[in-house]
Amino acid sequence: MWVRLEKSEIDLILQTLPEGSLSEKLRAPLDPDTAAFLAAVETDDDLEVDDDAIISRGDDGAFVMSWSWVSNEMAGLRPVAEKLR
C-alpha cells in the first residue's frame with residue numbers, strides 16, 4: 001500500500017518513532033536523479049505522474065509510479081447517471 005505523507009506529517013511521525021529502518025527511510029533524501037526519471041515519462045490526459053511518485057530503480061532504468069485514467073465504460077461499469085436511477 002502507498003500512502004502520501006506531507007513533510008509536516010513525516011516530521012511528526014519522526015518525533016515519536018524510535019530509530020530503525022523505517023525512520024531511516026523517512027529521513028532519506030531524494031536520489032539526485034529522481035527529477036530526471038519523473039520528467040522522462042511522457043504524460044497526457046490519460047497518464048499522469050505526481051511530483052513525489054515512487055521510483056523503483058534498476059541497473060539500466062527505473063519504473064516510475066503513474067496514474068492511468070480508466071473510464072467507467074472501460075472498466076465495464078454503468079455510467080454514474082444510470083446508477084442514480
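The values are calculated or read from the model by the stated rules, or taken from the named source; none is laboratory data. Since the structure is predicted, the reported quantities are computational estimates derived from the model, not experimental observations. Because the Cβ atoms are built from the backbone with ideal geometry, glycine has one as well, and the counts that use them run over all protein chains shown.
Some values worked out for this structure:
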item: TRP69 being loosely packed, with under 12 Cβ neighbours inside 10 Å, on the phi < 0 side of the Ramachandran plot and touching a residue at least 40 places away in the same chain (Cβ under 8 Å); result: no
item: Members of segment 1-54 found to be at pLDDT 90 or above, touching a helix residue (DSSP H, G or I) at 6+ places or on another chain (Cβ under 7 Å) and part of a loop (DSSP other than H, G, I, E, B), listed by number; result: VAL49, ALA53
item: Filter result (small (Gly, Ala, Ser), modelled with pLDDT of 95 or more and more than 15 Å from LEU30 (Cα to Cα)) within segment 59-74; result: GLY61, SER66, SER68
item: Candidate set: segment 1-54, residues that are outside the structural domain of MET65 (by TED's automatic domain parsing) and within 29 Å of MET74 (Cα to Cα); chosen: the one surrounded by the most Cβ atoms within 10 Å (Cβ to Cβ); result: ARG4
